[in-house]
Structures are given as C-alpha cells and as structure tokens.
1. Could you list, in sequence order, all residues of region 463-487 that are assigned to a loop (DSSP other than H, G, I, E, B) and under 18 Å from residue 309 (Cβ atoms)?
2. Quick check on region 8-15. Is at least one of its residues surrounded by fewer than 24 Cβ atoms within 10 Å (Cβ to Cβ), farther than 30 Å from residue 573 by Cα and in contact (Cβ under 8 Å) with a residue 40 or more places away in the chain?
3. Does residue 233 meet the test of being assigned by TED's automatic domain parsing to the domain that holds residue 145, loosely packed, with under 14 Cβ neighbours inside 10 Å and among the hydrophobic types (A, V, I, L, M, F, W, C)?
4. List the residue pairs whose Cβ atoms are under 9 Å apart, where the first residue sits in region 186-205 and is more than 13 Å from residue 230 (Cα to Cα) and of a type in the set (A, V, I, L, M), the second is at pLDDT 95 or above and assigned to a strand (DSSP E or B), and the two are 6 or more positions apart or on different chains.
5. Got at least one residue in region 191-207 being touching a Phe, Trp or Tyr at 6+ places or on another chain (Cβ under 7 Å), surrounded by fewer than 22 Cβ atoms within 10 Å (Cβ to Cβ) and modelled with pLDDT of 95 or more?
6. Taking region 448-461, which residues are touching a Ser or Thr at 6+ places or on another chain (Cβ under 7 Å), farther than 15 Å from residue 516 by Cα and in a strand (DSSP E or B)?
7. Would a scan of region 283-290 turn up a residue that is in a strand (DSSP E or B) and surrounded by fewer than 19 Cβ atoms within 10 Å (Cβ to Cβ)?
8. Test of understanding: among 59, 129, which residue is among the small types (Gly, Ala, Ser), in contact (Cβ under 8 Å) with a residue 24 or more places away in the chain, within 19 Å of residue 318 (Cα to Cα) and outside any helix (DSSP H, G or I)?
Amino acid sequence: TCLALSSSWNPELVEEVAAAISDEMRALFNINGKELSYWCPTVNMGRDPRWGRNDEAFGEDPLLAGKLAAAYVRGIQGCDEKYLKAVSTPKHFAVNNSEYNRNTGSSNVDEATLREYYLPVFERCFREGGAKSVMTSYNRINGVPASANHFLLQHILYDEWGFNGYSVSDAGAVGDVGPNKNLMWDQVRGHFYAKSMSEACAMSLNAGTDICTGTEYKLSLKEALDKGLTDEAALDRALIRCFTVRMMLGEFDTKETQPYYSLNKKDICSPEHARIAEKAAEESIVLLKNNGLLPLNTKKIKKLLVIGPNAIYRQLGSYSIGGPADTRVSIPPLKGIKALAESLGISVDYAKGWHITDRPMGALPGSEVLLREAKEAGKDLKDYLEDRLPEDVKQRNREAEAMREARKNQAPPPPRHPVDDPDLGRDPDELFKEALKKAAKADAVIVIAGTDPSVTSEGRDRATLELPYNQDGKIRRIIEANPNTAVVLISVGPVTGDFIDKTPALLYAVYAGESQGSAIAKVLFGNVNPGGRCSETWYNNDSELPHISEYGIRVHDTMNQMGRTYLYWLGKPKFAFGYGLSYTSFAYSDFSVSKTEADANDTIKVSALVKNKGDRAGYETVQLYVRKINCYDNKPYKQLAGFKKVWLEAGEAKQVEIEL
C-alpha cells in the first residue's frame, strides 16, 4: 500500500515500484487491449489515522506525501518524451478524509489550511510528477461539491497550476451534486446542491469535470444543453482534454512506433518485479521498540511460536482485489517466518489465538480444495457462450486468460490446497487457551496482530485506534506467559494499547504487499536491518484526536484545542512522525549552513556528517525540520523541509546535504 511505501521515505523506490506496476499494465494492454487509465494513487492527507482509507495514502506530512506521490506518478506514466506508458489519476480532489459522510458532508477549511496542508500533495503530482488525470471527490469543500467546484478545478487546478490533463469524477459523484437519488450501504446520498440531474451535470461540466463515472452525463447532459445550462464549448473542452491524453498513450498510432510495445507476458509477475516487491516490503518495516530481543538469537532459540490470524491471512489493503489465488507470489507472515527459521534449524509452531471476525465460518477444520487441470473440458460450451456475451464481459475473459498465460512460467500449485485457516469454526476461548499453553513452552513468541478489512476500509472509518477483538488484552497475557515475545503489527495505521509498553519488541509492518512474509522474517532474524520511519503520529488514545469530521488542523480550529498531526498537535506522542529504530546506531556531527540570512528566493544548503557507529550496515533517514520563532498557533510548531535516505556500512560516515 502507499502507506507502507511512505514508511520507506524513499522516492526512488516508490518510482521503481510504480514503474513495475505500469510495466504490467502496458503488457496487458499489448496482449489484449486492457485499459491504460488507472485511478491511482490516493493522495489525500492522513490527518486522522482512523480514516477508513488511511492505508491507501502517503501519511500526514505534505512534503513527504508530495515527494512520494510525484514519484509514484512518474513511475506509472513512464519517462518517454512523447508517449505515456499509462495514465496516473491522483485522487480524491480534494479534502476527502472521512468515509462515514463522504457523500453528504462538507469539509470546511480556511484557504490557508487548504493551500498549505491539503493541496500541496496534489500540486506536486502535477508539477513534479506530470500527472495527466485527476479524480474529483464525493464531498463538498466549504459547501460546494468537488465535481462542481469551479474554484478548485478551474481556478486552482487548470488556471493556477497549469494542469494539462483531464478530470474524472469518482463513481456517482456527479449524481451526488444533485438531489438524493438512492440509498447505498444504508447511507443517504446527495448534496442537494443542484435542483435537478441536468443542472448537476451542467455545473460539473462547466466547473471542469470532463468525464462522469456513472450514467449521469449520458442520461442528462443533452437535457442540460437543451436548457442552455451548458454549451458545446464546454463539451469540446472536455473532449479535447480526453483525446489529447489518449493520443499521448498512442491509442491511435501503430504499436510498432511506441516505446512500450515490447512489454508482454514475460513482464507480468516477473522475477524482477518480485525482487522489487520484496525490497519495498523490507524498507517499509518500522522498528518501534526493541529491548534487545531483536534480532532473534538463533543460537538460543530453537522453538519458535507464531500467534495470530494475521500470520496466515495476507492483509494487502484496500483495492488489492485480494491478490493472487495462491501463495506462489504472495507470502503471508507465517510462511515467510517458517521458511527462514527452518533453514536455520529452528522449529516453528503456530497457534491462531483468535478469529478476525465474529461472523460464522463456513469451512470445516481440515478441509481441502482439490485442483485438477481442466484441459479441454467445457471448451465447446465456452465457445458457444462467448459468441453471445457482451463485449465488456469478453474483454474481462481475455484479461483473465492473459494472466493465466503469463503465469505459466511459474511452478504449478500442488494438487491439494488446505483451507488457509484450519481453525475455522473453533471456539475462540479454546483457541486462546491453546495459544497461551504453547507460548509458555516456546523459546520465543512472535505475535502477528493488527487490523483487517472488516474493521476499516472504503466506506468505513475506524471507530477507535484500539486493536479490535480485544487483541490488547490477549497480547498482554501472552507476554505474561512468555516475556520473550515480539509483536508485529500489520495494520491500517497507528494503533493504541497497553501492550505497547509491555512488549520488549515491536515491529510495524503496515500492509506491506505480496512479500510481507519474507520481509518480516528477514527483519526478525536480522537478515535485514529495519530502516523504515513513521509517516504518521502515533497517539496515546482516542481522546487526543478531534472528531473525524473536523478538517481544521490548527489548535484553535479543533474542538478539543489540541490540533492535528505533528505540525500542530500539542501532546507527547507514543511514537513521533519520522521516528524509527535500527539494529545499529548513528551519530551526527560537523553541522553547517550555507547562509544565515536569505530572502524568499534563496536556496540554503544544510549539511551534517552522519556516521554508522554500530557493527551492522543500515539505512539512516536524515530529516531537516524548520520552525518560525514566536509563530503562536497559526504556523506549524515544526515542519519537515527536506530529507535524504542514506545507506551506511558499519563504521562508514557520509556528509549529507539537504537543500532548503
């Protein structure tokens, strides 16, 4: 997820990940014409970690998020001067950070907060990343729906920033401009800003929303034209923007003239892309706490116990669409830990401990899925049906066939697959008692805790920062049973709980993608030195946060008078923005500043000598913060102004310079 990537503080890595993604996008296009416009990345600011889509974004700081988002856009769109590899669509424009009221609510902020906090990440996507598309959000901004917001779209995006791509609405967002049209997920929709659907369409088109995701333009735009609510000039403008980008994709040129024509099935799920995924997972992991338990001592530990349902389930985050059907290219934590531990002569046992849902389970313990090769079975029926299928269904079938063909170079799955969770249907109390009993006998315990989509996702904000399913209490009891317990959090964002103070070691693995299991194992055993840093503030409890509907971030703009994010928050965090430990230590010296006085257009160079004082190589992320003296509460108390991630061998020193 983007939140995992933000913990890496590595724009070059983010661009490499996005380039691998778009290689596969273009390969699928070359094979079967799959679309090349992708609605990513999500770049809304993580100003409240309870936000349901927190894992999709790049954290709470405008500079860090902006640099990483721009790198992601460059990776998706490619570096050719004439052609785009694919189209990146940063979303959701703008100030869209609460799910429960996104179709009905208004995000109210003053213009200073809008321009200094919520919009810079989008601006970097266009100015530094060159994004050719943008998605408008569902919500209103200061009372005006985003898709019909002339100030945001025309004045800022097109006129001020010089955006030269097209804008597309979120699904149904144009309809939400008008009167309520239906109920979805028991949620009333619609801002009632326009009196009719034709007026809603005209307002959106006139404001600059070129494409409507939904049927509203198709059904009502002609009526808007007939009524004189909009004109053909607005339609022409939208068409020109859209077709210009389609031409940049090479849709109307011969394939042989395009630089990405050679990408094909060998570039899908390739070994190189697997390497990139594993590197990204490794760099995203943050060591939050370590009292000497990590890395695990392989000379003393011979029996290792892994506890927790997130050990066997791959938490890939929102819009991962579940990942591959088998685990040949997607490694859950238990699989990664067992593979590495057993290669070191350490036996690994597993206890689930608890279920991640209260809903009844359908599969019986010990169930298996039997796989057989279909060969020609059903081919005649398939051919008969496909002649009668709609074109969009045929296209999906071609895409699925291309993915199957692309994965033929991988080893086939075993004929029998056990159901991922053999403990389905077991009594929860029995599960936990079994985990405690095994924990007392193990040399060390790894608890894989965290969140899952049943707690938070699109359309659902977290009600609390506390871990669900009473994991806090369970972890504390496990630590009592075995003090040599390390906790690995795989979660949608920061969490709270007394277990944090009790555990001797704490890793934050976010939702680290298909290679999360092998990356976690390498960090636990010391094959990888953790170098991730927090991209969000870790609060102590829910009371330290304002209500999620409050979009002000300064102290005087929040009801609890505490402010939001590290920029303005008055409290002492559990773990600060930018924080992260390592298996080595670093020392700073020889500080220098190129200028002591400067005007607004000057560049100041700040440098320091950074030395690795330990006996392990590792990453250090050098962070430069600035603050205004006597700024009171209208400016940040401190603000990230630059950062550089450097690799240092044991005993090595480097002079690191950051331009301000």
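1. Going through region 463-487, the residues assigned to a loop (DSSP other than H, G, I, E, B) turn out to be 463-465, 467-470, 482-484.
If the condition is that a residue be assigned to a loop (DSSP other than H, G, I, E, B) and under 18 Å from residue 309 (Cβ atoms), then 467, 468, 469, 470 are the ones that fit.
2. The initial filter retains those residues of region 8-15 that are surrounded by fewer than 24 Cβ atoms within 10 Å (Cβ to Cβ), namely 11-13, 15.
Add one more test, that the residue is farther than 30 Å from residue 573 by Cα, and what stays is 15.
Filter again for in contact (Cβ under 8 Å) with a residue 40 or more places away in the chain, leaving 15.
Yes, the conditions are met somewhere in region 8-15.
3. On the way: assigned by TED's automatic domain parsing to the domain that holds residue 145: yes; loosely packed, with under 14 Cβ neighbours inside 10 Å: yes; among the hydrophobic types (A, V, I, L, M, F, W, C): yes.
Judged against the criteria, residue 233 is a match.
4. Within 9 Å, the pairs are 194/145.
5. So in region 191-207, the residues touching a Phe, Trp or Tyr at 6+ places or on another chain (Cβ under 7 Å) come out as 201.
Okay, now just the ones that are also surrounded by fewer than 22 Cβ atoms within 10 Å (Cβ to Cβ), so none.
Looking for residues that are touching a Phe, Trp or Tyr at 6+ places or on another chain (Cβ under 7 Å), surrounded by fewer than 22 Cβ atoms within 10 Å (Cβ to Cβ) and modelled with pLDDT of 95 or more, one finds none in region 191-207, hence no.
6. Result: 457, single match.
7. Checked against the condition, which is being in a strand (DSSP E or B) and surrounded by fewer than 19 Cβ atoms within 10 Å (Cβ to Cβ), region 283-290 yields at least one hit.
8. Numbers: 129 fails: within 19 Å of residue 318 (Cα to Cα).
Among 59, 129, only 59 is among the small types (Gly, Ala, Ser), in contact (Cβ under 8 Å) with a residue 24 or more places away in the chain, within 19 Å of residue 318 (Cα to Cα) and outside any helix (DSSP H, G or I).
The values are calculated or read from the model by the stated rules, or taken from the named source; none is laboratory data. Every value quoted in this text rests on a predicted model; they were computed, and no experiment measured them. Ideal geometry is used to build each Cβ from the backbone, glycine not excepted, and the neighbour counts take in all protein chains shown.
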